[in-house]
Amino acid sequence: MSMIEKHGQAAQDTARVVDVAAASTMVGSLMGYFPAIAALFTIVWTGIRIYETDTVQSILMRWGLVKAKPSQEADD
C-alpha cells in the first residue's frame, strides 16, 4: 500500500469517526441532552457530507453551479 493510499484510508477513517460523533450528537440533541451548539454542529457537518456526495456534485455541475474536478493522473 502506497503512502498516498494510507493517507486516503486515514482520512476516510477520520471522517467515519466524525460521522459517528455527529450522529450521536444529533440523537442526543433530539433527546434534549445536549445544548443547541451541538445540534448546530450536527446540521453543519451533515450538510457538508451531503454536499460532498457524488449525486449532489453531479446535480450542481449539471446546473452549472460548480466546475468539474480535474482528473488526477498518476505521476509514475
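The values are calculated or read from the model by the stated rules, or taken from the named source; none is laboratory data. Treat the numbers as computed from the prediction; the structure is a model and nothing was measured. Here the Cβ positions follow ideal geometry from the backbone for every residue, glycine too, while neighbour counts run over all protein chains shown.
In segment 6-33, the residues that are within 12 Å of W45 (Cα to Cα) and surrounded by 10 or more Cβ atoms within 10 Å (Cβ to Cβ) form Cβ pairs under 6 Å with partners that are of a type outside the set (A, V, I, L, M, F, W, C) and at pLDDT 75 or above, at six or more places apart or across chains, as follows: A22/T42; T25/T42; M26/T42.
Selection of segment 31-51 for residues being modelled with pLDDT of 90 or more and within 21 Å of A11 (Cβ to Cβ) yields V44, W45, T46, G47, I48, R49, I50, Y51.
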